[in-house]
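See below for the structure under consideration.
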Amino acid sequence: MQPYSLDLREKIISTYEAGNTSIRQVAERFQVSKTTVQSLLKRKQATGTLKPARATGGKASQLAGYETEIAQMVEQHQDYTLAEYCEYWQDKTGVRVSESTMCRFLQKQQLTIKKNISQHSSRRSGSVS
C-alpha cells in the first residue's frame with residue numbers, strides 16, 4: 001500500500017492544529033483511521049516532518065549468506081526438483097526450508113533451470129526402459 005501523499009498529511013495536521021476539533025473528527029473528515037492521525041501527529045512532533053519513512057523491506061531469507069553453497073548445489077544437481085533441493089539442503093545443513101523459500105531464493109540468484117522431464121522420470125524410477 002502506498003503512503004498517504006504529503007499534501008494530504010499536511011491538510012490533516014493543519015486541520016487538527018487549527019483547533020476546535022478532535023482526532024476522531026479529523027479522521028472522519030479525511031476518511032483515514034484515528035491511528036493514522038495520531039501517527040502523523042507523533043511523526044511531526046518527533047521528526048519535524050510529515051514525510052513517510054522509507055520502506056525497510058521484509059525479513060531476510062533463511063538462505064541469505066549461503067549464495068555460494070546454493071549455487072554449488074544447483075550446479076552439482078541440475079536435474080533436482082525444488083523438493084529434492086530442499087531435502088538435500090536439510091541433509092547438508094540440518095535446516096528445513098519450504099519449496100517456496102527455495103524457489104524465491106533461486107529466482108533472486110537467477111539460478112532457475114529448465115527441467116528435462118524424461119531424464120527426471122527415468123532417474124526416479126531407477127531404470128531406463
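Among Lys59, Lys34, Lys11, which is the only one that is among the basic types (Lys, Arg) and under 22 Å from the mean Cα position of the chain (by Cα)? Before the answer, list the steps.
Numbers: Lys34 fails: under 22 Å from the mean Cα position of the chain (by Cα); Lys11 fails: under 22 Å from the mean Cα position of the chain (by Cα).
Of the residues listed, the single one that is among the basic types (Lys, Arg) and under 22 Å from the mean Cα position of the chain (by Cα) is Lys59.
Among the residues of the range 60-78, is any of a type in the set (A, V, I, L, M, F, W, C), open to solvent by 60 Å² or more (accessible area, probe 1.4 Å) and modelled with pLDDT of 90 or more? Can you show your working first?
Step one: list which residues in the range 60-78 are of a type in the set (A, V, I, L, M, F, W, C), which gives 60, 63-64, 70-71, 73-74.
Checking the rest, the ones that are also open to solvent by 60 Å² or more (accessible area, probe 1.4 Å) come to 60.
Add one more test, that the residue is modelled with pLDDT of 90 or more, and what stays is none.
No.
Just the residues that are of a type in the set (A, V, I, L, M, F, W, C) and in a helix (DSSP H, G or I), please, taken from the range 22-43.
In the first step, residues of the range 22-43 are kept if they are of a type in the set (A, V, I, L, M, F, W, C); the result is 23, 26-27, 30, 32, 37, 40-41.
Answer for the range 22-43, where residues must be of a type in the set (A, V, I, L, M, F, W, C) and in a helix (DSSP H, G or I): Ile23, Val26, Ala27, Phe30, Val37, Leu40, Leu41.
Would you mind stating whether Ser98 is at pLDDT below 90 and either open to solvent by less than 100 Å² (accessible area, probe 1.4 Å) or under 19 Å from the mean Cα position of the chain (by Cα) (or both)?
no
Take the residues in the range 1-53 that are open to solvent by less than 80 Å² (accessible area, probe 1.4 Å) and at positive phi; name whichever of them is modelled with the lowest pLDDT.
Among them, the one singled out is Gly19.
The values are calculated or read from the model by the stated rules, or taken from the named source; none is laboratory data. Note that the coordinates shown come from a computational prediction; the quantities given were computed from them, not determined experimentally. Keep in mind that these areas ignore ligands, DNA and RNA; they rest on the heavy atoms of the full protein, side chains included. Shrake-Rupley method; radii C 1.70, N 1.55, O 1.52, S 1.80 Å.
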